[in-house]
Amino acid sequence: MMETFDYVIIGAGSAGSVLTNRLSEDASTRICVLEAGPRDWHPYIHLPAGFIKTFHMKSVNWAYNQEPGPWTGGRSIYAPRGKTLGGSSSINGHIYNRGQRQDFDTWAQLGNRGWGYPDVLPYFKRLERRVGEGDETYRGREGNLTVTTMDWKDPLCEAFMEGAVSLGIPKNKDYNGAIQEGVSYCQRTIQNGLRMSAAKAFLHPARKRGNVDVRTHAHVTSIIFEGKRAVGVRYLRGGKGGVPVEVRANKEVILSGGAYNSPQLLQLSGVGSPDRLQSHGIEVRHALPGVGEGLQDHYAPRSVARVKNIRTINELRRGLNLWVEALKWATTRRGLLSLSPTMVYCFWHSGETTESSDLQLTFTPASYKEGVQGELEDEPGMTVASWQQRPESRGYVRVRSADPLAPPIIQTNYLVEELDRRVVVAGMKLARRLLQSAPLAPYYAYEDFPGPNVQSDDEFLAAATERGTTTFHPGCTCRMGPVDAKWAVVDDQLRVHGLQGLRVVDASVMPRMISANLNASTLMIADKASDMIRGRVAMEAVKFPEMA
Ligand SMILES: Cc1cc2nc3c(=O)[nH]c(=O)nc-3n(C[C@H](O)[C@H](O)[C@H](O)COP(=O)(O)OP(=O)(O)OC[C@H]3O[C@@H](n4cnc5c(N)ncnc54)[C@H](O)[C@@H]3O)c2cc1C
């Protein structure tokens, strides 16, 4: 007999983990969670500096490659994605950054009721256990997700922040508080020197409840429909070459496969643009042209300077130094191995738009070969990555074929909009000014990338085209919006338009890119969705003084 659950959740990533936790609070509810990847046992997942290893580790990473775009100099940019319990939160850079008030207010203005900043703030708070500074209006203290502040006080980081102040950028005690703008050490999902993934914070505690069945190496290949109602899913037990299995959902199928895989799975199941599906021989179940369209991401060139008179992480991770650091981590849970790939965050204006700060810059006292995270350079270096917070360019995710195991076509169309090109160039120029600021002068040897020959806007743009990479923030491929918006895939309850028993809950439902890395807001989306699914009243919106 076919196994039947109340809910089948596809993907145990950031969103899937939160959903599992919240839905399983109702003891009589039975939940099946299907995850294509393995359990999250690998030590590199839990050791923060293990980021650099999992970045390319195919056993826990989908390791996609994007299509070359018109502004990527013919390059196909690498796109890692977590494939294990915790999903991308198990391989990400640990940064905790929610975004600006205006981001969520814009979602609401697009016709999504209940998604303005006052509505979503209570969920951000409910999820987190902030350790350290934070105004109680904005920060939570009792959630499962521990958020700490970088505890590595590095002279180069300090000099970078002083450099920012010398350029008129103020220090900000909490970029997740009232105002994002300014410079500070970053906030991280790290506790006692170990990664706080969504699996650790939400999924694993839920598994102890007894009403949750988490299946790993379970690659979902399609959603099963009866008419317009989703009633279950098909998956391959053991992944590629595995045994096909079906499970049923009494109440709902919830798709939390992430911004690349969720639209792919909808298309494989016959939901999408009819012409495109038919061209791959996929039978059309439901015409919904917005599926996979609208992909957005942050595009970041990384400016690198050579460093003198001080050690950088490049040298610390070699030879005897590494042993010293390993010992330090083993005894104190601090030091190099507890570090995230970026340490200082800076939010500022490009001058190209009149809205709130539109640039995000990160600083690391380290540098990577070819400017791509994954392999540190041998000589001392420091890096400023800079990106536009709210790009306008949009791309797509489309099936390559009807084969569910084939990677999807990912075209982000970075920089196709002129505004995006202007803001990215402004970001690189600010990165140069920051690296050349007086407080960093004792350590600054020379600029390696883009290099002194790059002076004009066109030269900066050419450099950005040559070396920019993803910041790993794909979203907006199953956008939330009203039924009459032709791009919309889900309504503001995250139900797929025109179908029953099916929701999408993950980073793909964002209608528009936000001014942040996407983990925090994806967790928030899932927490808010859990109240909708359980039929509970939404948390009370925060009343700010100016709204009274
Ligand atoms: C290298 C990297 C660094 C990042 N750094 C940061 C950072 O520092 N801070 C931050 O806020 N954000 C960061 N991000 C982004 C952030 O982690 C993601 O935006 C967020 O985790 C997305 O959550 P999600 O639930 O949408 O998808 P995911 O967490 O990716 O979860 C999707 C899950 O679904 C599973 N799945 C997919 N398809 C199937 C299928 N067919 N069958 C079964 N299972 C399936 C996947 O294996 C995965 O476990 C980073 C991401 C990466 C990859």
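The values are calculated or read from the model by the stated rules, or taken from the named source; none is laboratory data. These numbers were taken from a predicted model, which means no experiment stands behind them. Heads up, the Cβs are rebuilt from the backbone with ideal geometry, glycines too, and the neighbour counts pull from every protein chain shown.
Considering the stretch 406-418, and only residues there that are touching a strand residue (DSSP E or B) at 6+ places or on another chain (Cβ under 7 Å) and hydrophobic (A, V, I, L, M, F, W, C), the residue that is surrounded by the fewest Cβ atoms within 10 Å (Cβ to Cβ) turns out to be I409. Among the conditions (1) surrounded by 20 or more Cβ atoms within 10 Å (Cβ to Cβ); (2) closer than 30 Å to L265 by Cα; (3) in contact with a Pro (Cβ under 8 Å, 6 or more places away or on another chain), F460 misses just one, which is (2).
Which residue, of I9, I45, is within 16 Å of the ligand (Cβ to nearest atom), in a helix (DSSP H, G or I) and at pLDDT 95 or above? So the residue among I9, I45 that is within 16 Å of the ligand (Cβ to nearest atom), in a helix (DSSP H, G or I) and at pLDDT 95 or above is I45. One residue stands out among those in the stretch 186-212 that are within 14 Å of the ligand (Cβ to nearest atom) and of a type in the set (D, E, K, R): the one that is surrounded by the most Cβ atoms within 10 Å (Cβ to Cβ), which is R195. Picking from residues in the stretch 56-83 that are in a loop (DSSP other than H, G, I, E, B) and hydrophobic (A, V, I, L, M, F, W, C), the one that is nearest to the ligand (Cβ to nearest atom) is W62.
Checking each residue in the stretch 12-29 for being assigned to a loop (DSSP other than H, G, I, E, B) and touching an Asp or Glu at 6+ places or on another chain (Cβ under 6 Å) picks out A12, T29. All of (1) basic (K, R); (2) within 25 Å of P205 (Cβ to Cβ); (3) modelled with pLDDT under 95 hold for R30 with one exception: (3).
So that you can scan it fast, the table gives a plain yes or no per residue for (1) crowded, with 24+ Cβ neighbours inside 10 Å; (2) modelled with pLDDT of 95 or more:
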| residue | (1), (2) |
| --- | --- |
| V509 | yes, yes |
| R512 | no, yes |
| I525 | yes, yes |
| V537 | no, yes |
| K543 | no, no |
| E546 | no, no |
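On the stretch given as the stretch 485-530, residues that are within 10 Å of the ligand (Cβ to nearest atom), touching a helix residue (DSSP H, G or I) at 6+ places or on another chain (Cβ under 9 Å) and of a type in the set (S, T, N, Q) total 4. Residues satisfying the criterion are absent from the stretch 255-275 (criterion: more than 25 Å from H473 (Cβ to Cβ), among the aliphatic types (A, V, I, L, M) and in contact (Cβ under 8 Å) with a residue 12 or more places away in the chain). Scanning the stretch 115-146 for residues that are under 19 Å from the mean Cα position of the chain (by Cα) and over 28 Å from M480 (Cα atoms) yields a single hit, T146.
Residue check: K53 meets all listed conditions (1) in contact with a helix residue (DSSP H, G or I) (Cβ under 8 Å, 6 or more places away or on another chain); (2) of a type in the set (D, E, K, R); (3) in a loop (DSSP other than H, G, I, E, B) but one, namely (3). I need the full set of residues from the stretch 135-157 which are out of contact with any strand residue (DSSP E or B) (no Cβ under 8 Å at 6 or more places or on another chain), surrounded by fewer than 20 Cβ atoms within 10 Å (Cβ to Cβ) and in contact (Cβ under 8 Å) with a residue 24 or more places away in the chain, in order please. D135, T137, Y138, D151, W152, P155 - these are the residues of the stretch 135-157 that are out of contact with any strand residue (DSSP E or B) (no Cβ under 8 Å at 6 or more places or on another chain), surrounded by fewer than 20 Cβ atoms within 10 Å (Cβ to Cβ) and in contact (Cβ under 8 Å) with a residue 24 or more places away in the chain. Yes or no: the stretch 278-299 includes at least one residue that is closer than 29 Å to P38 by Cα, under 23 Å from the mean Cα position of the chain (by Cα) and of a type in the set (A, V, I, L, M, F, W, C). Yes, the stretch 278-299 has at least one match. Of the strands (runs of 3 or more DSSP E) lying entirely inside the stretch 342-457, those containing at least 1 residues that are of a type in the set (K, R) and over 15 Å from A305 (Cβ atoms) are 395-398.
Within the stretch 256-283, the set of residues being at positive phi and touching a Leu at 6+ places or on another chain (Cβ under 7 Å) comprises G270, G272.
Here K486, K528, K543 are screened, and the one residue that is among the charged types (D, E, K, R), over 30 Å from R421 (Cα atoms) and either in contact with a Lys or Arg (Cβ under 6 Å, 6 or more places away or on another chain) or part of a loop (DSSP other than H, G, I, E, B) (or both) is K543. State the number of residues belonging to the stretch 75-114 that are within 16 Å of the chain's Cα centre (by Cα) and of a type in the set (G, A, S). Count: 9.
Every residue, every condition in (1) surrounded by 24 or more Cβ atoms within 10 Å (Cβ to Cβ); (2) in contact with a Cys (Cβ under 8 Å, 6 or more places away or on another chain); (3) part of a loop (DSSP other than H, G, I, E, B); (4) at negative phi, yes or no:
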position: R248; (1), (2), (3), (4): no, no, no, yes
position: I254; (1), (2), (3), (4): yes, no, no, yes
position: P289; (1), (2), (3), (4): no, no, yes, yes
position: N314; (1), (2), (3), (4): no, no, no, yes
position: N321; (1), (2), (3), (4): no, no, no, yes
position: A326; (1), (2), (3), (4): no, no, no, yes
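Inspection of the stretch 104-119 identifies at least one residue that is outside any loop (DSSP other than H, G, I, E, B), polar (S, T, N, Q) and surrounded by fewer than 18 Cβ atoms within 10 Å (Cβ to Cβ). Taking the stated definitions as given, is R432 surrounded by 14 or more Cβ atoms within 10 Å (Cβ to Cβ) and touching a Ser or Thr at 6+ places or on another chain (Cβ under 7 Å)? When the stated conditions are applied, R432 passes them.
Restricting T4, T54 to those that are touching a residue at least 40 places away in the same chain (Cβ under 8 Å) and closer than 30 Å to V245 by Cα reduces the list to T4. Which residue is surrounded by the fewest Cβ atoms within 10 Å (Cβ to Cβ), if the candidates are limited to the stretch 84-96 and must be within 6 Å of the ligand (Cβ to nearest atom) and within 21 Å of T364 (Cβ to Cβ)? It comes out as G93. The set of residues in the stretch 261-275 being assigned to a helix (DSSP H, G or I) and under 28 Å from the mean Cα position of the chain (by Cα) consists of N261, S262, P263, Q264, L265, L266, Q267, L268.
In this entry, A15 is excluded by the filter for residues that are more than 9 Å from the ligand (Cβ to nearest atom) and either under 30 Å from V425 (Cβ atoms) or not acidic (D, E) (or both). Scanning the stretch 213-230 for residues that are farther than 29 Å from M524 by Cβ, assigned to a strand (DSSP E or B) and more than 11 Å from the ligand (Cβ to nearest atom) yields a count of 3.
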